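Engineer: Below you will find the structure I want to go over with you.
Quick note: the coordinates plus some simple rules give every number you see, no bench work behind them. Remember, it's a predicted structure, so these values are computed and weren't measured experimentally. Every residue, glycine as well, gets a Cβ built from its backbone with ideal geometry; the counts of neighbours run over all protein chains shown.
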Amino acid sequence: MNGAGKGAGIGSLASEITGIRIVTGRGDILDVSATEHPEISHAARLSLGTLGIRHLRESGDDEALRLTAVRHVEKNAIVVNFCRVDSSVGWRSWPMREFLLVLPFVLVSHTAFAARTPTVVPAMAGVYDGVHRDWRDSVTLNRDGTYARGSGDSGTWSYDGTALVLKWKNWGPETLNFVRRGIYASSSAANFTLTARALASAEPVLGSYDAVHKDWRDLVTINADGAFTRAHGEGGTWLFDGTTLVLAWRNWAAESVELGEAGRLVARDGRLRMTRRDEAKVAVPQQPERVRHIRVNKAVYKANETIVLSYSAMKGTSTDWTNVIGATEATDEWGNWEYTNGSDGGTRTVKPLPAGEYEARAYFEGSTDLVDRVKFRVIP
């Protein structure tokens, strides 16, 4: 990828820009391209800020590039290293004169400039169920940045860590915002939602990590809802395809780490290493122990034995009540019943019963809505 502009077939840096967003002196935001405000598109690519502050730009190769280092200087050009959104690295040659003109802009606004440029995040590729105001259909996002509905309608897609943009071939683009892992929805009247049909298990990557980045060290937590956070900085959303974890930062370029040995995630270029904190692994929430309101002191009684039942955690109203009745009777039937007389707990006895299957039941405030029940048996 050479931007030296040394011949008719190789253009300058400006020639690679296909779209640009500028903020004018009046505060207006303009998206400029060959189809939007085409009358100023050529001027905007070369203006260096004279038409307004350049906020975002879109290149022909649609890559978000991060300048990392000057590689070496040639006679009339400078060769620099850059990092792509997928953490792979490369280099390009710029004419020295052009590089010196854009260098102040690169240094001042590099992070926001490159990172917020939407790009294709391969880990998002897959089949989604699409529910639109006008249709319902499958939508397949391909790793090459294209997508298609089951009906055949298609286009190109990009993601900036928060917004998924679908650029349809036959109608206007639509933007869907991240809701939670695998779900994206529009805020427009289209009521458009995409839900992933299959997601790789997140269990291998959920948890808190000691992260060592080229530029910082911090605690990073990968949450089950599809978001991640830094203890002392910005977070974003994450995607995982079973082997690669993509961290789509809110304020700078996405970064990828590969799942390695247990508890470790490492970027291919070594820029980011994450080691899981064992004590911070995300545990599966445990179901709370059920609150019992009624019990019997035995599961099986003889026909000549007195039944002893206990009740607890009642509401404490004068019309809370307990009932002993055949196990097959409806829950709104009254058998051998008794009010608790305002007590939230206590015991009661019931005279011996004939052989059969029974239940002791608890109710609140005179209602026949069953609160709790326990079975017992009486044998001859």
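Engineer: Can you compute the modelled spin-label distance between Thr275 and His37, with each label point 7 Å from Cα toward Cβ, in nm?
Structural biologist: Going from the Thr275 label point to the His37 one covers 5.0 nm.
Engineer: Rounded to whole Å, give me the distance from the Cα center of region 217-266 to that of region 330-374.
Structural biologist: 54 Å
Engineer: Extension gain Glu174-Ile379, at 0.36 nm per residue separation less the Cα-Cα distance, in nm?
Structural biologist: Between Glu174 and Ile379, full extension yields an extra 66.7 nm.
Engineer: Take the Cβ-Cβ distance between Lys315 and Lys351 as r, set R0 to 30 Å, and report the resulting FRET efficiency rounded to the nearest 0.05.
Structural biologist: 0.65
Engineer: Next question. Calculate, for Thr368 and Asn297, the FRET efficiency according to 1/(1 + (r/R0)^6) with r their C-beta to C-beta distance and R0 30 Å; round to the nearest 0.05.
Structural biologist: With a Förster radius of 30 Å, E is 0.70.
Engineer: Would you pull out the residues with amide H under 5 Å of Arg264's amide H, same chain only if 5 or more places away, H placed 1.01 Å from N?
Structural biologist: Excluding prolines and chain starts, which carry no amide H, the hits are Arg276.
Engineer: For Glu305 and Ala330, FRET efficiency with R0 = 35 Å and r from the beta-carbon atoms, rounded to 0.05?
Structural biologist: 0.85
Engineer: OK, next. According to a simple spin-label model (label point 7 Å from Cα along Cα-to-Cβ), what is the distance in nm between Arg217 and Thr193?
Structural biologist: 4.5 nm
Engineer: Follow-up question, since we're still on this one. Sort 131-139, 311-319 for me by packing, meaning the mean count of neighbouring Cβ atoms within 10 Å per residue, highest on top.
Structural biologist: So the peptides 131-139, 311-319, ranked by packing, come out 311-319, 131-139.
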